Amino acid sequence: MNLKDLYIDFFVRKGHKQIPSAPVVPENDPSVLFNTAGMQPLIPYLMGEQHPYGTRLVDVQKCIRTNDLENIGDTYHHTFFEMLGNWSLGDYFKEESINYSFEFLTKVLNIPIEKLGVTIFKGNDLIPKDEETKKIWLSLGIKEERIKETEIDNFWIAGETGPCGPDTEIFYFRSDEEIPEYFDPEDTRWVEIWNNVFMQYKKDETGIHELPKKNVDTGMGVERVVAILEGVNDNYESSIWKSTIKLLEQITGLSYYGNERSMRIIADHIRTAVFISADPTGIKPSNTDQGYILRRLIRGAIRHAKNLNIDNNTDWEQLLAKNIINEYKKYYKELEENEQVVLDVLKNEKIKFNRTLEKGLKEFEKIINNLKDNKLDKDNAFKLYDTYGFPIELTEELAHEKNISVDKEGFKEKFKAHQELSRKGSEEKFKGGLASRGEQETKYHTATHLLNAALKQVVGDYVHQKGSNITTERMRFDFSCDHKLTEEEKQKVEDLVNKWIKEDLKVTKEEMDKETALKSGAECMFIERYPDIVTVYSIGNVSKELCGGPHVTHTSVLGTFKIIKEEASSSGVRRIKAILN
Ligand code: SER
């Protein structure tokens, strides 16, 4: 059995229920782009809500961390990784938690006790030292010299506020050298493998408070522990990456050794891109948020593929993606279900970037050759972005390899000014669409909501409104979508809207706070532009959107809905023009 199976099996035997991994894009949490830890989707339950699966949970969670993307290429950073976790929601606490961890490590994984060291919470003005945890470790046979007290590192919280508490981190001595008598977490031969957090507090703006229940939250990184168990110092040499690296060697005809950095980056980025684009949230490459990360990852991989002389007209990325899907589909069924979506996302983005990559690299060389000092200015950085599709981070990476710095701040200002312009443009259009409140415009406005709902049903839940413009003559609707709608899709959308019109659905209006509205699944375009109390319009039970109105009261007055045009609007955005007769 592999680590994941052993872990799940062990905790299920200890009365835990296995819960499925949450999507990589958090549901109802706009504060972060991706889930960065196993506990993140469980925050409401750690704060006190009842979990439908009970009080003992175990899982493997898909996580993505993008804060150190530039470190990818070394032996141990990964953008996507899996985190094993077991939780007690007001059930067991320190004693059982530590006993379970110890038993799993020493009896299931057969790690010798001499190779383990632990840290515990030293205490501060607010919270006392964690004596209990120390006693438990001592009782299990961990020597005093192998227990280290720290303050900052042993208090865990996901961000600024939320559930938190002292933790105990378990380290493994990853070296063939003699194990020193005293454990020192600063000595890099000791690597952290597991973190048990005793979440008995919550932090808010006013300070730290006791939670109604004491919880346990633990996290263990799969990639790291598998590498340790297999005795390799480079994570990419472990069984997790074996088939991917081998495939890369076949594709390039090169050995991994001597080409580690580019191969690691390609492997890491394609794996992450596969998981992001297979996520039920349906992220597509774009220039904002998760879509931008996806774009950067794919473009970064393509750039390194070029470094290794991979021919971009071959299907190399399809082969790698298929291999990853194969490796992981047993655990994540969405990979198999969305295989075609994933392959299309990769292919389309590659084709798009391929058109400008070559020219962009030439332009980059030209810029570099004409530099007077070692600085690439904002105008050139912006040109590379705007004309050749180089994410600023790619320009930085290329420049870095030549010891040249990039005026990123200047670029950002330019970028912002550019966005401001297009935002103003779209706001004006948006306003233009809704400001005039004639009868016909009102009808088109309601039809816009129906069209949005129909597109979600027919094309996929990932479809979101990107813009709208209404005149007395027609409606125009922009939405995120990675492909040209097929005739069949268009017909289905049209039929669905007309069906809803015929059903004479009632349009209702409610006021509620923004959070409740979002929790209820209401659709909205620019969340940050809405006040705390929002108006939600529902049409029967087919559509629910945050919206200022106005709308018709019953759908039957809309007449017949007809799509007259479907076309590309911008990258990853399609546009529909439609009329009501
Ligand atoms: N939340 C803790 C961590 O991410 C333990 O799961 O390390």
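What follows draws every value from the coordinates through simple rules; no lab data is involved. All values derive from a computational prediction rather than experimental measurement. Cβ atoms come from the backbone with ideal geometry, glycine included; neighbour counts cover every protein chain shown.
For each pair in LYS284/LYS362; LYS443/LYS544; LYS484/LYS519, compute the distance between the two Cα atoms and list the pairs where it is over 22 Å. It would help to have the intermediate numbers written out before the result.
Values: LYS284/LYS362 28 Å; LYS443/LYS544 16 Å; LYS484/LYS519 31 Å.
The pairs that break the limit, which is 22 Å between Cα atoms, are LYS284/LYS362; LYS484/LYS519.
In plain terms, the chain from LYS322 to THR106 could stretch by 74.1 nm, reckoned as 0.36 nm per residue minus the Cα-Cα distance. Per the Debye formula with a single identical scatterer at each Cα and no solvent contribution, what log10 I(q)/I(0) holds for the chain at q = 0.09, 0.13 Å⁻¹? Taking Cα atoms of the chain as identical point scatterers yields -0.84, -1.39. Spin-label pair LYS562-MET1: with each label point 7 Å from Cα along the Cα-Cβ axis, the two points sit 6.4 nm from one another.
I want the antiparallel fraction of DSSP beta bridges within the range 106-170, as a percent rounded to 5.
Details: 5 of 9 bridges.
Roughly 55 percent of the DSSP beta bridges within the range 106-170 come out antiparallel.
Label separation (ILE351 vs GLU151): 5.9 nm, computed from points 7 Å beyond Cα along the C-beta direction. Positive-end ranking of HIS464, PRO26, SER238 along the dipole of the chain, with charges on Cβ about the Cα centre, is headed by HIS464. FRET efficiency for the LEU126 to ASP461 pair, using the beta carbon distance and R₀ = 41 Å, is estimated at 0.40. Taken as Cα centroids, the range 1-45 and the range 286-337 sit 24 Å apart, rounded to the nearest whole angstrom.
Positive-end ranking of ASN67, LEU109, TRP87 along the dipole of the range 1-124, with charges on Cβ about the Cα centre, is headed by LEU109. Relative to the longest principal axis of the Cα atoms of the chain, the long axis of helix 239-252 makes an angle of roughly 60 degrees. Annotation: extensible slack from ASP315 through TYR76 equals 83.3 nm (criterion: 0.36 nm per residue apart, minus Cα-Cα distance). Sort the range 171-306 into rounded, prolate or oblate with this rule: let a ≥ b ≥ c be the square roots of the eigenvalues of the Cα gyration tensor; rounded if a/c is under 1.5, and if a/c is not under 1.5, prolate when a/b is larger than b/c, oblate otherwise. Note, shape of the range 171-306 comes out oblate. The range 212-246 and the range 339-385 have Cα centres lying 34 Å from one another. Placing R0 at 35 angstrom, the Cβ-Cβ distance between ASN403 and VAL232 gives a FRET efficiency of 0.60 after rounding to 0.05.
Report the relative contact order of the range 7-68, percent, no decimals, based on alpha-carbon pairs under 8 angstrom and at least 6 residues apart.
Working: 66 pairs, mean separation 29.7, N = 62.
Relative CO of the range 7-68 lands at 48 percent.
In this simple spin-label approximation, ILE579 and MET47 carry label points 7 Å from Cα along the Cα→Cβ vector, and these lie 5.0 nm apart. Charged side chains reduced to their Cβ positions (Lys and Arg at +1, Asp and Glu at -1) give the chain a dipole of some 2280 debye around its Cα centre.
Treat the count of other C-beta atoms within 10 Å as a stand-in for reagent exposure and order MET83, MET47 from fewest to most.
On the way: MET83 23, MET47 15.
Arranged by neighbour count, lowest to highest, MET83, MET47 become MET47, MET83.
Of all beta bridges that DSSP places with both ends in the chain, some 90 percent have antiparallel geometry.
Ignoring aspartates and glutamates fewer than eight residues from LYS372 along the same chain, the ones with Cα atoms less than 15 angstrom from its Cα are ASP407. With respect to the chain, whose longest principal axis is taken over its alpha-carbon atoms, helix 289-307 is tilted by about 70°.
Put a plus charge on the Cβ of each Lys and Arg, a minus charge on the Cβ of each Asp and Glu, and nothing anywhere else: the dipole of the range 323-399 about its Cα centre is then about 260 debye.
Is the shape of the range 535-577 best called rounded, prolate or oblate, per the rule: a/c under 1.5 gives rounded, else a/b larger than b/c gives prolate, else oblate, with a ≥ b ≥ c the square roots of the Cα gyration tensor eigenvalues? Oblate is the answer for the range 535-577, as a/c is 1.5 or above yet b/c matches or exceeds a/b.
Note on LYS214: lysines with a C-alpha under 21 Å away, same-chain residues under 8 apart excluded, are LYS14, LYS17, LYS94, LYS122, LYS129, LYS134, LYS135, LYS202, LYS203. Multiplying the residue separation of SER139 and HIS483 by 0.36 nm and removing their Cα-Cα distance gives an extension gain of 117.7 nm.
At a Förster distance of 22 Å, what's the computed FRET efficiency of ASP386 paired with LEU308, Cβ-Cβ distance as r, to 0.05?
On the way: r = 28 Å, r/R0 = 1.26.
The value I calculate is 0.20.
Based only on other Cβ atoms within 10 Å, what is the fewest-to-most ordering of LEU398, LEU384? Mind dumping the intermediate values first?
Values: LEU398 20, LEU384 26.
Ascending number of Cβ neighbours within 10 Å: LEU398, LEU384.
Listed by chain and number, the lysines placed with their C-alpha closer than 16 angstrom to that of LYS242 are LYS322; residues fewer than eight positions away on the same chain are left out. Once C-alpha pairs closer than 8 Å and six or more residues apart are averaged by separation and normalised to the residue number of the chain, the relative contact order reads 9 percent.
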